[in-house]
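Throughout, read-outs are computed from the coordinates displayed, never taken from laboratory work. Worth saying up front: this structure is predicted, and the values here are computed from it rather than measured. Here Cβ is always computed from backbone atoms with ideal geometry, including for glycine, and neighbour counts include all displayed protein chains.
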Amino acid sequence: MRVAIAGCEGQLGRDIVEALEGHDLDLWTHERVEITDEGAVGEAFRAFRPDAVINTAAFHNVPLCEEEPCRAYTVNALGPRNLARVCEQAGARLIHISTDYVFDGSKNAPYLESDLPAPQSVYATTKLAGEHLIAAETGRFAVLRTSGLYGVHPCRAKGRNFVELMVKLARERGKVRVVTDEILTPTFTADLARQVVVVLEKGSPGLYHGTAEGSCSWFEFARAIFDIGGIEVDLQPTTSEEFPSPAKRPAYSVLENANLEDQGLNIMRDWREALEDYMGRVGLLR
Ligand SMILES: NC(=O)c1ccc[n+]([C@@H]2O[C@H](COP(=O)([O-])OP(=O)(O)OC[C@H]3O[C@@H](n4cnc5c(N)ncnc54)[C@H](OP(=O)(O)O)[C@@H]3O)[C@@H](O)[C@H]2O)c1
C-alpha cells in the first residue's frame, strides 16, 4: 500500500514509520508539508498519490493551547480537515490520531466510542473539532483516540516522556510527589503504531479507542516505573491541586477499545507488560 505519514518525525510517527515496513511510504515532515496549508497538502498528495494518509501531527502542548486557541484550532481541526478533503477527492483513506481528553472524566468507567464527548480545554475542543471536520469531509476515515503516550523516540512537543521524567527526578532528588487523582491508561507508542497498521490494513471506517489495556493513576504508573526499574525513591502521593494548570484535564480518561474488540482487531497489551517492554528497550530494567 502507498502510505503518506504526516507527523512522521514525532514520538508516535517514527514508530508508525517502523511498523509500516514493507509498505511504500512518503514521509511528510513538518518542514515539507504544513498540514494547515491546504495547497501544500494537495501538492504533496498529488506528487505521491497515496492510498492512505496517516496523521499524527498536532499542536498538543495542552497549557500552551489555552494561550493560543487560534493556532490550536488551525493545527488540530483545520489541518485534519485539509487532509480529509484531499483524501476524499482522490478516494484515499485517512487514519488520524485523537485524544482521551475529549471526555470530561465524569463517567468514572471506561469510555466507549459511543459516549458523548465533553471537552474541557482548548486542546481537547480543537481535537474534537478535528474529528468532526474529518467526518464531515469523508466517510473513508479511521480516528483512533489514545491516552498517555510514551515511546523510545522523543515527543517533539513535550520533550521528555513521563517515564524519563520520573527516572530523572528520582535520581536527582530521591523524592518524588505524584498525583493519585488522575486515572488514565499509559500507552506505549510502539504498540499503538502496530495497532494503527492493523486498522489501516483491516479496519472498517469509523471511530476507535486505541490504548493499552487496564488503567492506573499517575501515582500507580510512577510506582510501576520504579518497581520495574529497581529504582530506590521516596514516592509520595499527592493531588492535582498541588500542580495548578491553566488547562482543565479529565480526572478519569480511561478508554475501552470496544470497536477494535468488536472487529477482532485489538492487539493492545496490558499497560504494565508494555511498560516493562519499553523499559527493557531503553535500558531501564533493574
Ligand atoms: N502525547 C500524548 O500523551 C498524547 C495523548 C493522546 C493523544 N495524543 C495525540 O497523539 C498524536 C501524536 O503525538 P506525539 O506525542 O507523537 O507528538 P509529537 O512527538 O509532538 O509529534 C508531532 C509531529 O507533528 C509535527 N507537526 C506539528 N504541527 C504540524 C503541522 N502544522 N504540520 C505538519 N506537521 C506538524 C511535528 O513537527 P515539529 O516538531 O517539527 O513541529 C512532529 O513531528 C497527536 O495527534 C496527539 O494529539 C498524544
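All of (1) surrounded by fewer than 16 Cβ atoms within 10 Å (Cβ to Cβ); (2) within 13 Å of the ligand (Cβ to nearest atom); (3) in contact (Cβ under 8 Å) with a residue 12 or more places away in the chain hold for Arg160 with one exception: (3). Of the residues making up the stretch 33-72, those that are buried (at least 21 other Cβ atoms within 10 Å of the Cβ) and among the aromatic types (Phe, Trp, Tyr) are Phe45, Phe59.
For the stretch 103-130, the candidate set comprises residues that are crowded, with 24+ Cβ neighbours inside 10 Å and of a type in the set (A, V, I, L, M, F, W, C); within that set, the residue that is nearest to Thr189 (Cα to Cα) is Ala124. Residue check: Thr29 meets all listed conditions (1) touching a helix residue (DSSP H, G or I) at 6+ places or on another chain (Cβ under 9 Å); (2) near the ligand (Cβ under 10 Å from one of its atoms); (3) in contact (Cβ under 8 Å) with a residue 12 or more places away in the chain but one, namely (1).
Residues that are surrounded by 20 or more Cβ atoms within 10 Å (Cβ to Cβ) and more than 16 Å from the ligand (Cβ to nearest atom) were ranked within the stretch 131-152; the one that is nearest to Pro205 (Cα to Cα) is Thr138. The numbered conditions (1) farther than 20 Å from Ala6 by Cα; (2) out of contact with any Ser or Thr (no Cβ under 9 Å at 6 or more places or on another chain) are all true for Val102 except (2).
In this entry, Arg177 is excluded by the filter for residues that are within 15 Å of the ligand (Cβ to nearest atom), surrounded by 16 or more Cβ atoms within 10 Å (Cβ to Cβ) and more than 25 Å from Gly283 (Cβ to Cβ).
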